[in-house]
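Worksheet: one structure, shown below.
Please treat every number below as a calculation from the coordinates, not as lab data. What you see is a predicted model; the values in this text were computed from it and never measured. Cβ: placed from backbone, ideal geometry, glycine included. Neighbour counts: every protein chain shown.
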Ligand code: SF4
């Protein structure tokens, strides 16, 4: 029987967590340690835009060529959308987010505590050490503000709880073809990781994994790469045209399939998980590594082509795109590049291009 997902609304999750004495951190994209925050009883709730807000509020501080994720996040904050949160965390994924961090700290100065988080751009031991120190410094700041000092064991246990949730997230991705979920339902489920406590996500994911079925072979399997599948009706449109997303390389999803850390030092372990995550242009992964990753994902899942679905003005994505597409073509994998502004409806022209691409790879 098809599982009922019953994903609670983000606002309900926040209210419940706060009513039980917890605090909330709004976290901008892309990488951070959920486990560290939860050790302080702080629930991370991610802010990927959100779509469809009045961007004029953010526009007063940002250049027009900054992406809609950052424009929307700032506008959302300025119109009270983040009033319920206690902290704002801004990982330095790209120049636009780095700029947002500075604007918040130096100009907007919201009532919440704002923490930038610097991320290393490599996979050396020095990169792990650097990030571990960043996380230690975040620990110290949170300890000062909250008056709590969770022990190393507590932080480690909190990270391990996230590891369990992430291993189920990976299973959902692996079993994608056999899950009785539409494209949209699947993405709603995996993206609930952006705001659900790990233990609640584990319950939902386990339920979804209980019922699998043999999908008819007539859907056209694709790999989706990019930042975030917004507007989310792109997933329905894709399905109506016969496409199924069987592999994911999106910043909000597949690029955050964090593995299990090795170290018993909680800060090093949390850093290892991020540093050794799947390749990501915002963490400085070389194009060859990304190409190899995409080709192997496509081969393992049977994806016949790649849809690059990127946010307008997203430099980290745009820099890699020409070489990646060329490399994929040489490997016999066609691709199409779709650019979106997360505030806009999908234009007809875009829908037609997706349809034409599916016909080519059918
Ligand atoms: S969409 Fe691209 S430019 Fe915008 S915040 Fe994300 S990584 Fe940065």
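To test your reading of the geometry: what angle, between 0 and 90 degrees and rounded to tens, separates the Cα axis of helix 152-174 from the longest principal axis of the chain? That helix lies at roughly 10 degrees to the long axis. If the label point is 7 Å along Cα→Cβ of residue 18, which residues in the stretch 78-93 have backbone nitrogen under 17 Å from it? Counting backbone N atoms under 17 Å from the label point, the list is 78-89. Neighbour counts of C-beta atoms inside 10 Å place 178, 310 in the sequence 178, 310, starting with the fewest. Taking label positions 7 Å along the Cα-Cβ direction at both residue 154 and residue 170, the computed distance is 2.9 nm, reported to one decimal. The gain in end-to-end length when the residue 326 to residue 60 segment is fully stretched comes to 91.9 nm, 0.36 nm per residue minus the alpha carbon separation. Distances between every pair of Cα atoms in the stretch 1-60, grouped in 5 Å steps from 0 to the bin holding the largest one, split as 4, 14, 18, 19, 18, 14, 10, 3, 1, 0, 0 percent. Placing one equal scatterer on every Cα of the stretch 228-331 and applying the Debye formula, the log10 ratio I(q)/I(0) at q = 0.18, 0.25 Å⁻¹ is -0.98, -1.46.
The Cα atoms of the stretch 59-162 cover 44, 33, 25 Å along the three principal axes, with the biggest extent listed first. Taking the number of Cβ atoms within 10 Å of each Cβ as an exposure proxy, the fewest-first ranking of 32, 118, 65 is 65, 118, 32.
Each Cα pair under 8 Å and six or more residues apart adds its separation to the average, and for the stretch 236-362 the resulting relative contact order is 24 percent.
If you fit an axis through the alpha-carbon atoms of helix 10-19 and take the longest principal axis of the Cα set of the chain, what angle between them do you get, 0 to 90°, nearest 10? Orientation of helix 10-19: about 20 degrees from the principal axis. By the count of neighbouring beta-carbon atoms within 10 Å, fewest first, 37, 100, 181 end up ordered 181, 37, 100. Multiplying the sequence separation of residue 218 and residue 359 by 0.36 nm and subtracting their Cα-Cα distance, what value in nm do you get? Here the answer is 49.5 nm. In the stretch 251-299, the alpha-carbon atoms span a convex hull of 84 Å³ per residue. Normalising the Debye intensity of the chain to I(0), with uniform scatterers on Cα atoms only, and taking log10 at q = 0.11, 0.13, 0.15 Å⁻¹ returns -0.75, -1.07, -1.46.
The gain in end-to-end length when the residue 299 to residue 344 segment is fully stretched comes to 12.9 nm, 0.36 nm per residue minus the alpha carbon separation. Dividing the summed helix terms, -39500 (n - 2.57) for each DSSP H run of n ≥ 4, by the number of residues in the chain produces a 222 nm estimate of -14500 deg cm²/dmol to the nearest 500.
Based on Cα contacts under 8 Å between residues 6+ apart, the chain shows a relative contact order of 19 percent.
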